[in-house]
Amino acid sequence: MIFNDKVVWITGASSGIGRAIALALSNNHAKLILSGRHEAELLATKNACAHPLDIAILPFDLADYTNLKPIAHKALAFFDHIDILINNGGISQRALVEETDILVDKRIMEVNYLGTVALTKALLPHFIERKSGRFVVISSVTGKISTPLRSSYAASKHALHGFFDSLRAEVFKYNIQVTLICPGFVQTKVSLNALTGDGTPLNRMDNTTKNGVTANYLADKILKAIRQNRQEVAIGHKEIYGILIKRFFPKLAAKIIRKIDLN
């Protein structure tokens, strides 16, 4: 795929992975719609891009998942169509199951799963009508391997795989593609904003996040995966090999996961 003049809608574009994807796509002359909860941060991302005049801002909250059809209509009004939706928005978690209030589980599922699914459904008729389009989903290695302190986060990412694998099969006849991206640890603010057991942010950088790949490195790999029409790709350091270990040596994987320090 050549990104020149393609219209790409990115959620979670205020910072981190979403911001890095926006910068990379703008360098490739794509037209962008940037979404997130905070308009000022979206404007900062827009102004940092190579071609800000080709970028629209559309703030909204994924947690408001029952009201996303009007948001999709607003997005379509900017450039008359959309070629790619990059579902990147979400929140993480750092808490033991026994310490996590059920309302925290609910919040994570509302944002990471229901918000993403609702936005996808809102845009799907447009893709079907055009018989063209691509959904890119920023999942996680934890969408394939569940680890301590991330039970609800892992559950939300596992759920995305189940939904989008089904969607991929259903929409193939319409020439609509689905790409699942499974990053390992990435140097972003994800751990700072991760929810603890009572729903408050962790407010500190954990070592695994600090030692991950850069968001810019990940963005380049994501664009490559889209160009190559990949259905699913894992990106990161050695942690991505955990997917293969779990598949072929599940008992060994369980032993390793019990011992690793994810703080």
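What follows is calculated from the coordinates using simple rules that are stated; it is not laboratory data. None of these values were measured; they are calculated from a predicted model. No Cβ is skipped: glycine too gets one built from the backbone with ideal geometry, and neighbour counts run over all protein chains shown.
The C-alpha atoms of the chain define a longest principal axis, and helix 16-27 lies at about 30 degrees to it.
Based on other C-beta atoms within 10 Å, arrange 135, 3 from fewest to most. Placing the least packed residue first, the sequence is 3, 135.
Listed by chain and number, the aspartates and glutamates whose C-alpha is less than 19 Å from the C-alpha of residue 224, apart from same-chain residues fewer than 8 away, are 5, 83, 232. Taking N as the residue count of the stretch 114-245, its C-alpha radius of gyration divided by 2.2 N^0.38 Å amounts to 1.12. Bridges between two residues of the chain, per DSSP, are antiparallel at a rate of about 5%. Considering the stretch 202-263 at the alpha-carbon level, its Rg and Dmax are found to be 14.3, 37 Å.
Please give me the summed charge of the neighbours of residue 14: other residues whose Cβ is under 14 Å from its Cβ, Lys and Arg +1, Asp and Glu -1.
Combined, the nearby Lys, Arg, Asp and Glu give +1.
Dimensions of the chain along the principal axes, based on C-alpha atoms and rounded to the nearest Å, stand at 51, 38, 33, largest first.
Translational diffusion coefficient, Stokes-Einstein: compute it for the stretch 1-133 using the Kirkwood radius over C-alpha pairs as Rh, at 25 °C and 0.890 mPa s, and state it as an integer in µm² s⁻¹. This corresponds to a translational diffusion coefficient of 161 µm²/s. Listing 241, 217, 113 from fewest to most neighbouring C-beta atoms within 10 Å gives 241, 217, 113.
Listing 80, 54, 165 from fewest to most neighbouring C-beta atoms within 10 Å gives 80, 165, 54.
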